[in-house]
Every structure is written in structure tokens, then in C-alpha cells.
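Where a number appears in this text, it was derived from the coordinates with a stated rule and is not lab data. Quantities reported herein were computed from a predicted structural model and do not represent experimental measurements. Because the Cβ atoms are built from the backbone with ideal geometry, glycine has one as well, and the counts that use them run over all protein chains shown.
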Amino acid sequence: MTPRTPQYQGPEGVVGSHLLEALSTEDGIRTVFLLFVLVGAGAFLGGMARSALSTLLPGRTGTFAANMVGSAVVGFSAALPVLWPAFLGAGFAGAVSTLSTMAKEMGAMVRQKQWWPLARYVLVTCAFGIVAAWFGLKYGLRVMPAF
């Protein structure tokens, strides 16, 4: 692990200097550009997967499945080297998971006063999401030597 430069004091207070440090060299600019490309490519694939999931599994089932896939992929990507979490975690998992659709579905349940289904949906999604992330991380740590 290399030492990092001191924090940059910006108008909003202390800001991490990692991006500024990376942009100060030509290699750093390439790395930041590569990260943006990887996140974009992962988001493209994640969006396609999300679209396929909502076609195959409409409604809350599809939303739940998408969020479980996203949780597992985030856990998996956390065990991998630097560029993989950008592609898989921020890109793919960020696009395949859908808190906005879940919020819309929860709002509909609130309007219809479906309190128990709402509580069950939230609790099951959160609990299974944590378990999915844990299994993803466990599997990622197992395959990590291959990377």
C-alpha cells in the first residue's frame, strides 16, 4: 500500500485527494478514464440484464430478483482487484439493482394500506440482500487467486 498525499482543503471542507492525485499524471488520467469506461460498460450490461429480468419476472418478483443479483455481484466484486469492482460493483450491480422501482412498489403498497406485505417485502429484501452479498463475497474470495 502506498502512502497517500495529504487531503485537499476545498471550499466544501476536506476532500479526498485521490482523484486529484490520479489526474496529476498521464498514467493517472488513463486510469481514471479506464474506470469511467469500465463503469459505463458494466452499467450497459447491467441495464440489459435488468430489462431482461423485468420482462421475464414482472412486478415485485423481478425487482426482488434484480436486487438480489445486484447484492450478490457487489459482494463478489468486493473480493476482486481494483478495476473489477468498478466494472461489476459500480457498473453492473448499480444498473441491475433498482431501489427506485422498489420505492415505487412500496409507495403503491402504502397507498393501498398493505402494511404487512410492505413490511415483509422490505425485511425480506434487506435480509436476503445481505445474505446474497455475503455469499457473493465468499465466492469472490474463493475465486480471487484466479485473478
**Item:** Cβ-based net charge around Thr125, under 15 Å, with every Lys or Arg adding one and every Asp or Glu removing one
**Value:** +2
**Request:** Lys and Arg at +1, Asp and Glu at -1: add these up for the other residues within a Cβ distance under 14 Å of Met109 and post the number.
**Result:** +4
**Within the range 23-143: Cβ-based charge dipole about Cα centre, in debye rounded to nearest 20 (Lys, Arg +1; Asp, Glu -1)** = 540
**Ellipsoid equivalent to the range 23-143 - semi-axes via the Cα gyration tensor, in Å** = 31, 16, 12
**Fill in**
For the range 23-143, averaging the sequence separation of alpha carbon pairs under 8 Å that lie six or more residues apart and dividing by its residue count, the contact order in percent is 35
**Asked** Quick one: Trp115, Trp134, Trp84, fewest Cβ neighbours within 10 Å first, how do they rank?
**Response** Trp115, Trp134, Trp84
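May I ask you to list the trypsin sites (Lys or Arg not before Pro) in the range 53-133 that are in a DSSP loop and have at most 12 other Cβ atoms within 10 Å of their Cβ?
Details: sites: Arg60, Lys104, Arg111, Lys113, Arg120; in loops: Lys113.
Of the trypsin sites (Lys or Arg not before Pro), the ones in loops of the range 53-133 whose Cβ has at most 12 other Cβ atoms within 10 Å are Lys113.
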